[in-house]
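These notes concern the structure reproduced below.
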Amino acid sequence: MAAAGGGEGERVMHVLAVDDSSVDRAVIARLLRNFKHRVTTVESGVQALEMLGLEPNVNMIITDYWMPEMTGFELLKRIKESKDLKRIPVVIMSSENVPTRISMCMKEGAEDFILKPVQQSDVSRVCSRIMR
């Protein structure tokens, strides 16, 4: 991938942000773009899978847990069951701190679980770990 403007050799990632809330999508997109990442936003797990079918070249997916049609957990499971998509790290976001839910997502293959409201430090931590 192309190198970012900061001379530290950081890669620019393409991140798919999935959230049914337009406000939360805008917040996460802004935080990711602060790190110069390319961001595509969609409002549902179904749209995420459709988009990944057209453009599977995504470096990370960050998704809300609670969404209509398909939860973030269901999206995680579908991605990890796909031979073409399972390599993509998935980060789950939620406003609810439920340890059993967090544990369930991590066991299913989530890279991380972030509590909302998402902070710049959360994005920084997750992105640096995934870019290693």
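The values are calculated or read from the model by the stated rules, or taken from the named source; none is laboratory data. Computed from a predicted structure; not experimentally measured. So basically every Cβ, Gly included, is an ideal-geometry build from the backbone, and we count neighbours across all protein chains shown. Only protein heavy atoms, including side chains, enter the accessible area calculation; ligands, DNA and RNA are left aside. Shrake-Rupley method; radii C 1.70, N 1.55, O 1.52, S 1.80 Å.
Counting only protein heavy atoms and a 1.4 Å probe, tell me what percentage of the stretch 66-132's accessible area is made up of carbon and sulfur.
52 percent
Between the stretch 83-132 and the stretch 25-65, what's the alpha-carbon centroid distance in Å?
13 Å
Which whole-number percent is the relative contact order of the stretch 40-94 (Cα, under 8 Å, 6+ apart)?
Reported as a whole number, the value is 40 percent.
So, by mean Cβ neighbours within 10 angstrom, what's the order for 70-76, 21-27, 97-103 with the highest one leading?
Ranked from most to least packed, the peptides come out as 70-76, 21-27, 97-103.
What does the helix-only formula give at 222 nm for the chain: each DSSP H stretch with n ≥ 4 adding -39500 (n - 2.57), the total divided by the residues, and the result rounded to the nearest 500 deg cm²/dmol?
Rounded to the nearest 500, the figure is -12500 deg cm²/dmol.
How much length is gained on full extension from GLN120 to ARG33, taking 0.36 nm per residue of separation minus their Cα-Cα distance?
Working it through step by step, the gained length comes to 30.3 nm.
Might you tell me the accessible area per residue for the chain, computed with a 1.4 Å probe and given in Å²?
52 Å²
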